[in-house]
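S.K.: Here's a structure for you.
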Amino acid sequence: MKFYNCMLLLSLVLCVSSQNWFTDAGAFIRDAYLGAGDMLRAYSDMREANYKNADKYFHARGNYDAAQRGPGGKWAAEVISDAREGWQDGISGRGAEDTRQDQEANAWGRSGGDPNRYRPKALPTKY
């Protein structure tokens with residue numbers, strides 16, 4: 001709940017300077033909300049697939065799907081990815097190299113790059 005409240009407030013602040021800030025703020029918030037859902041879906045699929053070396057693919061796919069929603073989705077993808085990687089680097093102990101590779105896949109997806117670049121060959125087509 002706190003996350004969505006923060007997203008709402010930050011969205012409003014970011015959109016105040018536009019000409020039709022109310023409409024733009026609404027679109028930004030909608031895109032951010034749906035983009036967060038895209039990120040959650042990619043995470044859920046990654047957990048369900050439980051496939052070795054598919055982590056980067058799901059990172060890229062979640063960020064790609066969210067960014068395709070528009071500026072709000074791209075913003076949500078960046079915030080969620082940075083938060084997750086900050087946690088992973090500091091707590092999980094996977095290391096700086098894994099975090100760097102994850103962030104590379106995140107940025108690739110957010111910039112519109114094809115997530116299949118990171119897709120393992122034998123990953124089921126369901127994903």
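The numbers here are math on the coordinates, done by the rules we state, and not lab data. Note that this is a predicted model, so its numbers are computed, not measured. Glycine also receives a Cβ, built like all others from the backbone with ideal geometry; neighbour counts cover every protein chain displayed.
S.K.: Enumerate by residue number the trypsin sites (Lys or Arg not before Pro) in segment 45-120 meeting two conditions: DSSP loop (anything except H, G, I, E, B), and at most 14 other Cβ atoms within 10 Å of the site's Cβ.
M.R.: 52, 94
S.K.: Right, here's the next one. Rounded, prolate or oblate: which one fits segment 20-127, using the alpha carbon gyration tensor with axes a ≥ b ≥ c (rounded when a/c is under 1.5, else prolate when a/b beats b/c, else oblate)?
M.R.: Judged from the Cα gyration tensor, segment 20-127 comes out prolate (a/c at least 1.5, a/b above b/c).
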